[in-house]
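Asks: Sharing a structure here in structure tokens format.
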Amino acid sequence: MKFLHEPAMYKPPLLAALLGSAILFIGTVHAGGSGSAQPPWIDSTQVNGNLSLLTIRGRGFGRPAPGVFLGKLPLKIRENSDSEIVAELPDSVEAASYRLVVVTGLPMRISSAPFFTTISANME
């Protein structure tokens, strides 16, 4: 008995259709199409005089509170808005330059470009 439509003949067109849809979806997300979020952007940072708080200014920080990483260390967020974050610095923070990253978005995480900030022993 011979089948009129052999199952094997549907595999290449189906694969091509699925692959094309995936490429279009990824292209839309990377191009900032609907449903995609822009990555957060850090413009500046400021450390208070007693080295306990780090204020980060920029855009796209969003809600809920984003994640903030000073080097590999996650910081606790005290306050946040779409354009400003106030994070607590650990007592053990040392004078140095640090790579700072803001991470937003759930369930898909979107990271800012790295921003390098310097913490001095004497900030006043």
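The values are calculated or read from the model by the stated rules, or taken from the named source; none is laboratory data. Only a predicted model underlies this, so the values are computations on that prediction, with no experimental measurement involved. Methodologically, a virtual Cβ is constructed for each residue, glycine included, from the backbone with ideal geometry; neighbour enumeration extends over all protein chains shown.
Asks: Please count how many residues of the range 40-66 are of a type in the set (A, V, I, L, M) and in contact with a Gly (Cβ under 6 Å, 6 or more places away or on another chain).
Replies: 1
Asks: Ok, one more. Considering only residues that are among the small types (Gly, Ala, Ser) and either over 15 Å from SER81 (Cβ atoms) or in contact with a His (Cβ under 8 Å, 6 or more places away or on another chain) (or both), which ones fall in the range 47-62?
Replies: GLY49, SER52
Asks: Here's a follow-up. Between residues in the range 63-89 that are hydroxyl-bearing (Ser, Thr, Tyr) and residues that are surrounded by 15 or more Cβ atoms within 10 Å (Cβ to Cβ) and assigned to a loop (DSSP other than H, G, I, E, B), which pairs lie under 8 Å by C-beta distance while being six or more apart or on different chains?
Replies: SER81/PHE61; SER83/PHE61
Asks: With the condition kept exactly as written, say whether any residue in the range 91-100 is surrounded by 11 or more Cβ atoms within 10 Å (Cβ to Cβ), assigned by TED's automatic domain parsing to the domain that holds ARG57, within 19 Å of ARG59 (Cβ to Cβ) and modelled with pLDDT under 95.
Replies: Within the range 91-100, none of the residues are surrounded by 11 or more Cβ atoms within 10 Å (Cβ to Cβ), assigned by TED's automatic domain parsing to the domain that holds ARG57, within 19 Å of ARG59 (Cβ to Cβ) and modelled with pLDDT under 95.
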